[in-house]
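Working notes for the structure below.
The values are calculated or read from the model by the stated rules, or taken from the named source; none is laboratory data. From a predicted model like this one, the values you see are computed outputs, not experimental measurements. Here the Cβ positions follow ideal geometry from the backbone for every residue, glycine too, while neighbour counts run over all protein chains shown. Note: areas computed on protein heavy atoms with side chains; ligands, DNA, RNA excluded. Shrake-Rupley method; radii C 1.70, N 1.55, O 1.52, S 1.80 Å.
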Amino acid sequence: MTQTSLGPGTHRRPYYWEEATAEWHEPRKASQGTGVPAPARHLRALREGLGAEPGTVAGMRYLHRVELTDAARGSDRLPRSYQAEHAALTLFGLHQQGAPQPVHHPGLGLGTACRALRAHQGTQTSAPTQHRAERQADGPETRRLTAAATAVDLDELVHHVRALVPLLRQAGIGLDYTRLHRDLCDWLTPRHGRVLRAWGLQFTDPADANGQSIPGAKKVQPGYWDGFDPAGADAGADLAVLRSGLGEEAGTVPAMWGFYRTTMGSDLRVRGALTRDLIAEHAALSLFGLHQQGRRQSVHTPGINPGTACRLLLAQGDGVSQAALEERLGILLTSADAGELAHHLRSLVHLLRKAGIGLDYDLLRRALRNWDDPQRPDAQPGLRSTWDRDFHRKDPTA
């Protein structure tokens, strides 16, 4: 039996979908004299498992590769890895039914498969845009992927993925079932955020299906705030989505996936990488959603940093003392890391929104990205000096 490497000195038996894919082009060997490829002989057993409890379908038991200990067999609840494998097996059986080629495609994550489905159905635009309707068409693949990403338990997640599988099969699009099995294992665990982020980043990848940049697409996309129209039909809904990201990890709020403009290689997207650029943009988007709420003019104001904004706030004389503002700015300037900086900016944004004072969100995103970057040791001292100097300028309009 072929063994699959899991790392130095560690091997496992291939999952059934891996074995079936490897044997697909060897029908004589796989059929063992029956004249029917092994995948076809087993698919019915796998489909019988749809909606059934793991371990209760006799025909599936010998197709499992996750071994059960005696203690697990006697337990009221089977291990998560076994439950996840049961779900992946049944989905594979449904997906492979009637397909002319193997549907297990290593490297093709759920988000990438849904992006390919969107392109197949003609709803994908050539490059990201600023308008909500153009940015993320509300097609069936979008709705079902979003529903899967917001599932509250493993059963609900499998239910929504099951709704996607027939669409993928009809479009001739495969899926990496080994990766899906890992995602199912990681659902509602400390690795849950990585799963969500990977799906979202894959789904919004501006590269084509082969990972190549689309001709004419810009390498650096302007932030969402640059083209924001407060009078737009979707403005209120968009801002509510952005505010839902406050305090959440970047990439884990499915409704925000279409708002990110961070440039990232397809390899990082596949892994669900949590990069400094993505973290900074997420924080800036969330703060912008809070800042813009209820304002008729865009609060993105080029050239206005937090120090200048505090000086303008003091100049308005709305009952905020210089001592209070100095203390607030001082706390912000002594933030130990970007997370703490974002937290203190949130409280400042509340004051600025009430006073009708904006901020430069391009500058803010860069500050959040570089604040505690060990590769840029001069960034934090430089920002502190600039913001403090701009607050203490004597000319309030300078």
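With the simple spin-label model, which puts each label point 7 Å out from Cα in the Cβ direction, the residue 375 to residue 156 separation comes to 3.9 nm. Solvent-accessible area of residue 105, all protein chains in place: 70 Å² (probe radius 1.4 Å, heavy atoms, ligands and nucleic acids excluded).
To the nearest 10, the accessible area of residue 143 is 120 Å² with a 1.4 Å probe. With R₀ fixed at 25 Å, the C-beta to C-beta distance from residue 50 to residue 244 puts the FRET efficiency at about 0.15. In order along the stretch 348-355, the phi-based Karplus estimate (6.51 cos²θ - 1.76 cosθ + 1.60, θ = phi - 60°) of 3J(HN,Hα) comes to 5, 4, 4, 5, 5, 4, 5, 8 Hz; Gly and Pro are listed as x.
At full extension, residue 366 and residue 58 could sit 105.1 nm farther apart than now, given 0.36 nm per residue minus the alpha carbon distance. Dipole check for the stretch 264-398: with +1 at the C-beta of Lys and Arg, -1 at the C-beta of Asp and Glu, and the Cα centre as origin, the magnitude is about 360 Debye.
Ranked by solvent-accessible area (1.4 Å probe, protein heavy atoms only, all chains present), the residues 16, 62 order from largest to smallest as 62, 16. What the Cβ-Cβ distance of residue 331 and residue 263 gives, at R0 = 45 Å and to the nearest 0.05, is a FRET efficiency of 0.90. Extension gain for residue 163-residue 271 works out to 36.5 nm (0.36 nm per residue, less the C-alpha to C-alpha distance).
Residue by residue, the stretch 176-183 carries 3J(HN,Hα) couplings of 7, 6, 5, 5, 4, 4, 5, 4 Hz when phi is fed to the Karplus relation 6.51 cos²θ - 1.76 cosθ + 1.60 (θ = phi - 60°); x denotes Gly or Pro.
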